[in-house]
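Values quoted throughout were computed directly from the atomic coordinates according to the rules given, and no laboratory measurement underlies them. Computed from a predicted model, the values in this text were never measured in an experiment. Here the Cβ positions follow ideal geometry from the backbone for every residue, glycine too, while neighbour counts run over all protein chains shown.
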């Protein structure tokens, strides 16, 4: 433990003390929301830039006025406090202003992934009981295909937001941009009555079969995340500018990115989608000082051509999640970033961790009551002792992360009550207690001098979910889909690691239907592409003679995960779907070596 390490840690104390005071959960009936925070920015920093997007920019005063117009217009169209309005739009100024406007009048926005079509799109609008739907013109074709299945009235409940010069004149939706032009720019009075306990947003989990769950996000949890990010993550003020290229329908981009700007007055450079080739040029040209990231983004940037002046840019701090330890230090050094505030948390979870002391390779600490308990990975179950209680793991050992459910750490869950209950573990250490099951293995990690706060490190996903391409994939849901292919008798789906990538790629061990000697890989490829989103399609398919099961007929994944696609550990044939390819190919020693050398294009 060096003197510099101690000095750097002690320098964080004032911020941590300020944060501790600010993070004490306020009563749910207190009036506050992110719409009110934007209103405050317009009063304090009216002429400072709020958002820059594709050559356009708005000040906080202009941004707040636009949000007010959307709020008044949607009120005129019948949207009222407690209603839900589905919002499907790519990143842009209008998207953010609409969310603020709806929040100001107490309307919940259901944020829908812009890539969804068909049944998944219909499901997301229905599951939140949306009374209106606002969509970007870029989504019009997808929505047109499903609108007959929705309980919304054409010409009344649909509102289109034009995207630049795109054609937006359709007869079944009102033009929100045109309608809002005549609306008042005055702050709506309802904003001061919008309370912390009200539902601000529904943020959807990644649904493997296109049936995501709507996670409930209150104003209180949104603001706690946003305040923490601004105050102790980036340490940003109105003089900073955030570079935001993550989709704003996801929690990281919206709460950790835009939320930090809403609560601090910092400005935002918003990009429709991430571009590794344009990243540094845009950061420099727009004087961006803070970056919101996910691990996949950092990996893409790491793989770009190294230039001797990469470190010469205004970025000083970044906050996000999923930064791999093997990328961490090299990324900081290459791009000259002094502060990485990695965090861990889920949109629906009741606990969060944040690396607020700027330690390397850790998700940091938490103020919530958590426990790491023993988990049998091979049998996919929590270990309980003779008294039927969970068993805490030893210091430094990996364990399943549980977060205690209390009045201050409420588990808000999903709109689906059954799905909410499935995430709760009861009678963990005493009769009647209740804990949120994160589904993740975590461990404590030694980070040197840390003022007595234990720091944690993410280890792995467990059970029936893995993460690939920044999306959660349900092994059960993929398995059910694959079993619908007439050549498959049984299948066992799991995630495997690929060198140089984040998360785990999907792999399916299958047994063929009786009488078949081989898999028609071309027909199988067509089937999975039609039935699954791209990130959930298995990258590897292993053909087994029979599936290994436990005495209770539960499929065993442990050995399969350990063996992965290593042809040296078994004799079964394995098929591989390379990036950009339409069909599977037989995995051979040459392609195996290419994958192991991180040269296969993943």
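Quick one: order 435, 468, 172 by neighbouring beta-carbon count within 10 Å, fewest to most.
Working: 435 27, 468 24, 172 16.
Starting with the residue having the fewest Cβ neighbours, the order is 172, 468, 435.
Using a 7 Å offset from the Cα along the Cα-to-Cβ direction at both residue 578 and residue 15, what is the distance between the two label points in nm, to one decimal?
4.5
Return the FRET efficiency for the residue pair residue 28, residue 141: r is the Cβ-Cβ distance, R0 is 56 Å, and the value is rounded to the nearest 0.05. Don't skip to the answer; put the middle values down first.
Numbers: r = 41 Å, r/R0 = 0.73.
It comes to 0.85.
Taking every DSSP beta bridge that has both residues in the chain, what percent is antiparallel when rounded to the nearest 5?
Details: 57 of 95 bridges.
Percent antiparallel among DSSP bridges in the chain is about 60.
log10 I(q)/I(0), Debye, Cα-only the chain, no solvent, q = 0.11, 0.12 Å⁻¹?
The calculated log intensity ratios at q = 0.11, 0.12 Å⁻¹ are -1.14, -1.35.
Project the alpha carbons of region 136-258 onto their principal axes and report the range along each, largest first, in whole Å.
48, 42, 31
In nm, what is the difference between 0.36 nm times the number of residues separating residue 395 and residue 156 and their Cα-Cα distance? Can you show the working numbers first?
Working: separation 239, 0.36 × 239 = 86.04 nm, distance 5.90 nm.
Length gained between residue 395 and residue 156: 80.1 nm.
Any idea how far the Cα center of region 573-592 sits from the one of region 361-425, in Å?
37
Give the order of 361, 133 when sorted by the count of other beta carbons within 10 angstrom, beginning with the fewest.
On the way: 361 18, 133 23.
Ordered by Cβ neighbours within 10 Å, fewest first: 361, 133.
First check a/c for region 466-596, with a ≥ b ≥ c the square roots of the eigenvalues of its C-alpha gyration tensor; if it is under 1.5, answer rounded, and if not, answer prolate when a/b is larger than b/c or oblate otherwise. Display every interim value, and only then the final one.
Working: a/c = 1.19, a/b = 1.15, b/c = 1.03.
Cα axes put region 466-596 in the rounded bin.
Based solely on its DSSP helices, what 222 nm [θ] is calculated for the chain when runs of n ≥ 4 H residues each add -39,500 (n - 2.57) and the sum is averaged over all residues, nearest 500 deg cm²/dmol? Show your work: numbers first, answer last.
On the way: 18 runs with 162 residues, N = 602.
Helix-only estimate at 222 nm: -7500 deg cm²/dmol.
Assuming 0.36 nm per residue, please report the length gained on full extension of the stretch residue 312 to residue 559 beyond their Cα-Cα distance. If you can, show how the numbers build up before the last one.
Details: separation 247, 0.36 × 247 = 88.92 nm, distance 4.69 nm.
So the extension gain works out to 84.2 nm.
Arrange the following residues from fewest to most other Cβ atoms within 10 Å of their Cβ: 586, 400.
Working: 586 10, 400 27.
The order, fewest Cβ neighbours first, is 586, 400.
How far is it, in nm, from the label point at residue 386 to the one at residue 497 when both lie 7 Å from their Cα along the line to the Cβ?
Each label point lies 7 Å from its Cα, and together they span 3.7 nm.
Could you give the length gained on full extension between residue 303 and residue 193, defined as 0.36 nm per residue of separation minus the Cα-Cα distance, in nm? Present the calculation step by step, with values, prior to reporting the outcome.
Details: separation 110, 0.36 × 110 = 39.60 nm, distance 4.88 nm.
Contour length minus the Cα-Cα distance gives 34.7 nm.
Report the paramagnetic label zone for residue 129: residues of region 97-114 whose backbone N is under 18 Å from a point 7 Å from Cα along the Cα-to-Cβ axis.
106-111
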